[in-house]
Structures are given as structure tokens and as C-alpha cells.
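First comes the structure, then the notes that go with it.
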Amino acid sequence: MQTLRASKCGLSTSRLPSSILDVIDSLTKAGYEAYIVGGGVRDLMLGLSPKDFDAVTDATPSQIKEVFGRRCKIIGRRFELAHVYSGRELIEVATFRAPPKKAVTSATGMILRDNNWGSIDQDFVRRDFSINAMYYQPRKGQVLDFCNAMADIQCKTLRLLGDPVLRFEEDPVRMLRTLRFAAKLNFSIAPEILDVFTPEMTQLLRDVSPHRLYDESQKLFTMGHLHQVLPMLIDFGIWKQLFADIPPQITPFIERAAKNTDQRIQIGKTINPAFFYAVLLWKPFLERCDFYLSKGVVAVEARAQAGMDVLKRQATRTIIPRFAETFVREVWEMQSRLLNPKPQQIEALSVHARFRAGFDFLLLREKSGDETTQGMGEWWESYQNLSADEKERTIHQYNRQRTRKRRKSAEVAEAPESVVSDATEIEPLVRESESRSNRRSRNRTQSGSGGRDRTVMKNGAESGVDTDHPILKRKRVQRDLAQVTFGPIQP
């Protein structure tokens, strides 16, 4: 073990939030040892901005509860620890762990109980990666390095503490953490890890709770390097363990959505992790919709049932919370509403609670080459930037185009099959080469030539029209005008 000066490691209390200092000071004042440990220390040394900070102490969870009172909540069975609230911030405080006196593990070696308290010398051995095993005492300005972690940080190498096979068996989620840290920090994975990181080893993830795997998947989606870690999930065989019916390939739609998610995180925008689940499960959803439509199910019911089927199937790997499931299904349902909106509903759709998510989803589909969007992603994007008067004119124009399109579709549907298949068999009554002025002149000549021309037209001898043509066989129906009501109908 070596003791390093915090200043030489790039650490100082000025870079720490008041919440973590409050927890460390309160525990120290109560007579306990307390350190900042884990990813917060690592990220500060790498020049990054940590999302949160964790503390570790020699106080047991019950003793931590005594120090902080109502601000503390004890959680966890397998790994008991304390959540301490400092203002609006939540600090996770763990107790030094010791090797278990009697191992409580599953058949595959996964630790089921890990609540044996120990010293700091025993605690560092229980941690997964060397870069996460540096203990920082901000008030003393010291960093305790038990496993030469500083060298791994300088070499940008990800190394497990202990035998990789045993560490993965103890907690299979460490395989996910390996890929997440490698992608986020741009670290290389140590050769001894690569040797055992096989598809057979990833089968251990089946023993992990689907709830915990969902939490880990959210960390993958929100770390800001999603487009880098997705190929790694496929290469290391983890994709099949996380996603039930999603083919192990990165489509243009998934790739664009991943990059868009990373960009939003980098510029400080909020994201909903469930949105990426909607992207991943979009193809299985469409396939299930087609299945129900082929069975004659109404489109609305087909989409509803397909959504339930896909999400239920995914729950065998990662259980998506109910609120997130609702979000995913609403985003999918918005696609059909945004593709063919009724003119009178356009304004209401634009202020719908799920419009923004549905629109982003539609625009990503369109930009990734999905031709079924029919350009409506760009249409909605332009619509949002218009003034009130421009929106009204745009809706009116859209209504005219929609009516024209529906009328044309109806005409095609009602036309005889011979008309649709071969339009050249019909000879036009007026030749296209004949101008409008020539037709008027010919009509005046025919009307002034007396009964002979009318007889000729009636017989069809000189008109150029076959006497069997339907227009000559049509009989005039005499109407009784006394039974016709003119003007508005009285109730």
C-alpha cells in the first residue's frame, strides 16, 4: 500500500460538492474512519466530472443510521448499505467488507450474501477493478493506493483484482461493468480478462435478477458513450443475454438513435432511458403487428397486443418498470398518429404530452432511411417553427393534399380491373391533340347544320364514336320537377 498526496493526483476539496464533504465530516466527527472511494475518485483523477460520489467507512449500517438519523435509509439484502441525504443529494455509504466466513453462493458461484464487516485492508480486495480501489480522505489530503491503481490509470488499463473467472462468478454483472468502463474511459481491457470473457461465461447473466439487469442497461444507455459500447455488447456475446428478440446487429436506426442520445448527454439535455428501449424493440414490434394484421385483427388492436407481447417477452431478460413500458407503448402509438393525422387534430397533437418523444422517434426513423415515414418527420419539424397564421395555411394545404390523395385512392379502388391494368385500351372521346378552340369551332358548325348533323350524331355514322358506346345507349330519365325541393330543406 502506498500513500499519495491528493494534490499530485489532481484532487482537491474545491472540486468536491458540499454533500460528500458533509457526510465525510459527520462520520469523522462521530469517531469513524471515512473515505471517498470508487468512480468519483477515478473520474476526478482523469479530469472528468463525476455524476456522484460514494463513501466508505468502518461504521456499520446501524451506526451510520445513528449518525444521520432520519436522513439515512438502510437498503439491500445481499449487499447492505446506507443511503444518506444531504440536501437534495444522495450519497451512498458502504461499510468496509471482509471475506465471508461462510460463503453463501448460488450453484454457479454468485455471492448471495455479502454483509461481513471488516477493515480497509480487507475491503480493497473485495472491490472489482483496481481503478475503483483508491481511497481519498479529503481533509487529510491523502489517497491510499493498495493495488498500484495509479499505474493502471496512467496506462489506461482495466484490470480486475484477483482471478477474473472467480470475480465474474461472484458477480456476473462485472462483465457489463467491464465493457461500460472500457467504452466510457477509453481504456484497454487486460489480457487476462479477455481470455475468460467468452460467450459461455456470459451465460452467467441468466442468474442475475432481471430488475438488476434493467438498472445496468440504463447505465449503459445514459453514460454518454452508447454508440461505442453497442458493438462491444455484440462482440462479447452480452447482447443476447440482455435483449430477448432483438437481432444482434446495429441497424442505421439504432446507430443514429445511439449517437443522438450521446449528443444530448454531452450538451446537458435530459434523456429518458426508456426511449432507447423503444428504438431497440421497434423491429420486433413491427413484426408482431404484421402477425396480428395477417390474422385479420383491427390495426389499433394489433398494435396494442403487439406492444404487450414484445414488452412481456423482453421482461424475461430485463424487467422494464410499468411507467417505462407505458412510455414505450405511447411512443409507438404516436407513430401512426403522426404519419396520417386528421387536419382538425394537428394542433392538439403538437401539444400532446408524448408529441416530442414521438416526433423525435419519427424523425430518427426518417433520417435513418425509413421510407415508410413518407416525409412526415420533416413536415412536423417545419410545422413547429411556423407562426399561427402559417400553421393554419399549412393545415389547409395538408387537408387539400390529403383529400386529393384519398379521392385518387378511391378511384383506383373502384375502377374495373381492365381499366387499372391497361388504360391504353380506352379511346378518348376527345383527342388530346385537338385544341380547345378547334373543339368550340367544330361544335358551332355541328349545331348550325340542322337535323342532318343531329341524325348523324344519333346514328354515330360520322361522329367517330361507335354506336355501341355507352354514352349513346344512355337513356334520358324524365324527372317530375313538382317532387323536387328547391332551397333549404325544412325540418
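The values are calculated or read from the model by the stated rules, or taken from the named source; none is laboratory data. Just so it is clear, the model here is predicted, and its values are computed rather than measured. Neighbour counts run over all protein chains shown; Cβ positions are idealised from the backbone, glycine included.
Descriptive notes on the structure:
- Options 234, 250: the member that is more than 23 Å from residue 324 (Cβ to Cβ), surrounded by fewer than 17 Cβ atoms within 10 Å (Cβ to Cβ) and at pLDDT 90 or above: 234
- Number of residues in segment 356-380 that are within 13 Å of residue 335 (Cα to Cα) and part of a helix (DSSP H, G or I) equals 16.
- When residues of segment 37-54 are limited to those that are among the aliphatic types (A, V, I, L, M) and crowded, with 23+ Cβ neighbours inside 10 Å, the one nearest to residue 6 (Cα to Cα): 41
- Wholly within segment 169-212, helices (runs of 4 or more DSSP H) carrying at least 3 residues that are under 16 Å from residue 233 (Cβ atoms) and touching a residue at least 40 places away in the same chain (Cβ under 8 Å): 173-185
- Pairs with Cβ under 7 Å, 6+ apart, first in segment 281-301 and closer than 22 Å to residue 257 by Cα and in the same structural domain as residue 337 (by TED's automatic domain parsing), second among the hydrophobic types (A, V, I, L, M, F, W, C) and not in a helix (DSSP H, G or I): 281/246; 284/246
- Residue-level analysis places residue 153 outside the set of residues that are free of Cβ contacts under 8 Å to residues at least 40 places away in the same chain, in a helix (DSSP H, G or I) and either more than 25 Å from residue 99 (Cα to Cα) or touching a helix residue (DSSP H, G or I) at 6+ places or on another chain (Cβ under 6 Å) (or both).
- The single residue among 139, 180, 159 that is among the basic types (Lys, Arg) and surrounded by fewer than 17 Cβ atoms within 10 Å (Cβ to Cβ) turns out to be 139.
- Residue within segment 170-180 that is within 28 Å of the chain's Cα centre (by Cα) and over 25 Å from residue 314 (Cβ atoms) present: no
- Some residue of segment 96-106 being assigned by TED's automatic domain parsing to the domain that holds residue 155 and either at pLDDT 90 or above or aromatic (Phe, Trp, Tyr) (or both): yes
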